[in-house]
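All remarks here apply to the structure that follows.
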Amino acid sequence: MAPTYPDEVDVFTVPHSRMKQLVHKYLDMVSSTNFSDAGHMTSMLEKLCHTFHEFKTHEQIENRFIMRRLKEKLTALSITDTAVCNCHSDNRLTEMLSLVLEGYRWAQRSEHERVHYGTRLRQALEDFTQVFLPHMKEEEEVFQPMLIEYFTYEELKELKMKVIQKHLEK
Ligand code: FEO
């Protein structure tokens with residue numbers, strides 16, 4: 001069980017509850033989409049596109065306002081932590097967005113091709129989920145304690161407000 005922190009300094013739980021809600025939504029959506037129906041498929045792709053843009057925005061906010069600040073703190077203390085540097089280093093979100101956008105092309109093709117794309121998309125979403133959920137867990141269980149350790153309470157309160165504000169702006 002992950003330790004809990006006061007709300008005002010917990011930078012991950014609120015944004016992650018939104019991200020987890022989106023994960024459940026896309027899993028439901030992709031499993032209920034009829035890929036034989038081009039219109040149904042296109043409407044699902046639009047929602048999926050918004051979802052992955054939201055994930056991308058979430059990642060950018062974390063990079064800019066959390067990970068960069070944490071790295072600066074660690075560097076100032078001469079601590080090297082490669083996990084902090086690498087936590088968003090793969091291109092999974094970009095690859096998923098490309099796959100979703102590719103779907104618009106397949107939506108114009110034959111029913112057989114649409115259904116085949118649907119199978120690939122479902123599998124890719126399941127694979128993505130297998131990585132994304134543990135990634136968020138790592139941020140909550142590894143990086144949040146580091147923030148608590150290396151930042152003052154006031155710094156974290158400010159950071160939390162900024163993170164929430166940036167998520168609301170998008
Ligand atoms: Fe909070 Fe890096 O996802």
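The values are calculated or read from the model by the stated rules, or taken from the named source; none is laboratory data. Since we're looking at a predicted model, the values are computed, not measured. Note: accessible area is taken over every heavy atom of the protein model, side chains too, but ligands, DNA and RNA are not part of it. Shrake-Rupley method; radii C 1.70, N 1.55, O 1.52, S 1.80 Å.
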Regression test value, accessible area per residue of the stretch 35-96, probe 1.4 Å, units Å², expected 54 Å²
Excluding ligands, DNA and RNA, the carbon-plus-sulfur percentage of the accessible area of the chain with a 1.4 Å probe reads 52 percent
Inverse of <1/r> over all distinct C-alpha pairs of the chain, i.e. the Kirkwood Rh in Å, gives 17.5 Å
Asserting the computed 222 nm helical MRE of the chain (DSSP H runs at least 4 long, -39500 (n - 2.57) per run, divided by residue count, to nearest 500) equals -24500 deg cm²/dmol
Cross-link reach from Lys20 to lysines, straight Cα distance under 21 Å and at least 8 residues apart if same chain, gives Lys47, Lys56, Lys137, Lys160, Lys162, Lys166, Lys170
